[in-house]
Amino acid sequence: MKHFTLSEILPDYTDFGPIAEKPDRMSGVYLGEKTVFTRLWTGHTMMVYTGDMIVMPHLINLGINEPHITRTLVSLTRPGDRFVDVGANVGYFSVLGGWRSYPGGEVWSFEPNPNIYPILASNVTNNGFAHCSKRRRLALSDQPGVAQLRIFKGYEATSTIRDVSEAFVTHTREETGHDSYLVDVEVDTLDAQMAAVPSIDVMKIDVEGHELSMIKGAVEILRRSPTVKIVMEFVPPILGAGPALELVTLIRSLGFTIYRIEHDGTFTLEDQDASLVATTFADLLLIRQAS
């Protein structure tokens, strides 16, 4: 299977290159209340939540989370861009979006977890991006209302408003030694939140299996954004085969070409829906290309 460079699929863009870890590995200061203050590979500061053992260890140890996704997003984001971070967690990608879109850019961050959201807000503010950021403590779906967010202690980065099987709940309890619990969170559509916004340029989506409903609620803003680039997690075993295929069909109906983001910073074309839906996990780049 052919691997493409970024400039081969988007000729106007240049690959940022490999992401180097921060020099002071395993560095941080415990602030109390399950919060550690550390530094990213860029030199930006970052508060992380010790209640999560998925994202937090990477940020403290290396200053990086998901190097291939980081490389792709910083390559795609330019000064003046509008960057949307759906499922922002503590704001790692929101801070990078603020950095890369400066000057003149704008960052929108959505995070429903009440344990995480205050840390996200602090990270955006501490790094000087409060003036260009809009933060919302809510989940995004295909209709407004209230939903139950299942929070997994120890695995807080996997918290979700999707229906979760008892098998998964049991698995996380056995892995973490903690029970999960439910909290009510506000839900809205991206279309409603961005009704007055002309277009967006870059969007990262990480909503733990709720991607289909989230994109259904974002159809209008995506149609207004002909050059938007989207990076998203795609996990068919969590979605289910039917919803996974429906999601791929919806993405293609919106005019996107689908690429898989490889760990070496290259991209492979995903043009066969059956094989894509049969995969267990993929990080995807969605772009519109001239025919």
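The values are calculated or read from the model by the stated rules, or taken from the named source; none is laboratory data. Because the structure is a prediction, the values reported are computed rather than measured. Cβ: placed from backbone, ideal geometry, glycine included. Neighbour counts: every protein chain shown.
Is it true that some residue in segment 174-197 is under 30 Å from E262 (Cβ atoms), loosely packed, with under 14 Cβ neighbours inside 10 Å and either among the acidic types (D, E) or touching a residue at least 24 places away in the same chain (Cβ under 8 Å) (or both)? Among the residues of segment 174-197, at least one is under 30 Å from E262 (Cβ atoms), loosely packed, with under 14 Cβ neighbours inside 10 Å and either among the acidic types (D, E) or touching a residue at least 24 places away in the same chain (Cβ under 8 Å) (or both), which makes the answer yes. I'd like the full set of residues that are within 26 Å of S75 (Cα to Cα) and assigned to a helix (DSSP H, G or I), limited to segment 216-249. The answer is V219, E220, I221, L222, R223, L247, V248. Residues of segment 55-101 that are aliphatic (A, V, I, L, M) and in a strand (DSSP E or B): V84, V86.
Of the residues G32, G63, G51, G43, only one is farther than 17 Å from G91 by Cα and small (G, A, S); which?
G32
Looking across segment 95-109, the residues that are crowded, with 24+ Cβ neighbours inside 10 Å, more than 21 Å from I151 (Cα to Cα) and free of Cβ contacts under 8 Å to residues at least 40 places away in the same chain come down to G98, V107. A search for C-beta distances below 6 Å between a residue of segment 263-291 that is within 26 Å of I64 (Cα to Cα) and any residue that is charged (D, E, K, R) and in a helix (DSSP H, G or I), counting only pairs 6+ apart in sequence or on different chains, returns G265/R71.
One residue stands out among those in segment 35-54 that are assigned to a loop (DSSP other than H, G, I, E, B) and modelled with pLDDT under 95: the one that is surrounded by the most Cβ atoms within 10 Å (Cβ to Cβ), which is G51. Beta carbons closer than 7 Å, at least 6 apart along the sequence or on distinct chains, pair a first residue in segment 52-63 that is without any contact (Cβ under 8 Å) to a residue 60 or more places away in the chain with a second that is in a helix (DSSP H, G or I) and surrounded by 15 or more Cβ atoms within 10 Å (Cβ to Cβ) for L59/Y92.
For segment 2-18, a residue qualifies if it is within 21 Å of the chain's Cα centre (by Cα) and among the aromatic types (F, W, Y), and the qualifying residues are Y13, F16.
Yes or no, residue by residue, for (1) over 26 Å from D264 (Cα atoms); (2) without any contact (Cβ under 8 Å) to a residue 24 or more places away in the chain; (3) basic (K, R):
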position	(1), (2), (3)
M1	no, no, no
L6	no, no, no
I9	no, no, no
T14	no, no, no
A20	no, yes, no
G32	yes, yes, no
H44	no, no, no
Y49	yes, no, no
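The set of residues in segment 150-167 being free of Cβ contacts under 8 Å to residues at least 40 places away in the same chain and either surrounded by fewer than 18 Cβ atoms within 10 Å (Cβ to Cβ) or touching a Ser or Thr at 6+ places or on another chain (Cβ under 6 Å) (or both) consists of R150, I151, F152, D163, S165, E166, A167. For segment 1-34, a residue qualifies if it is touching a Pro at 6+ places or on another chain (Cβ under 8 Å) and buried (at least 16 other Cβ atoms within 10 Å of the Cβ), and exactly one does: I19. One residue stands out among those in segment 1-16 that are among the aromatic types (F, W, Y) and in contact with a strand residue (DSSP E or B) (Cβ under 9 Å, 6 or more places away or on another chain): the one that is farthest from R71 (Cα to Cα), which is F4.
Beta carbons closer than 6 Å, at least 6 apart along the sequence or on distinct chains, pair a first residue in segment 124-135 that is surrounded by 18 or more Cβ atoms within 10 Å (Cβ to Cβ) and modelled with pLDDT of 95 or more with a second that is hydrophobic (A, V, I, L, M, F, W, C) and part of a strand (DSSP E or B) for S133/V107.
Restricting segment 226-246 to residues that are under 18 Å from D142 (Cβ atoms) and more than 17 Å from the chain's Cα centre (by Cα), which is surrounded by the most Cβ atoms within 10 Å (Cβ to Cβ)? Looking at the filtered set, the residue picked out is A244.
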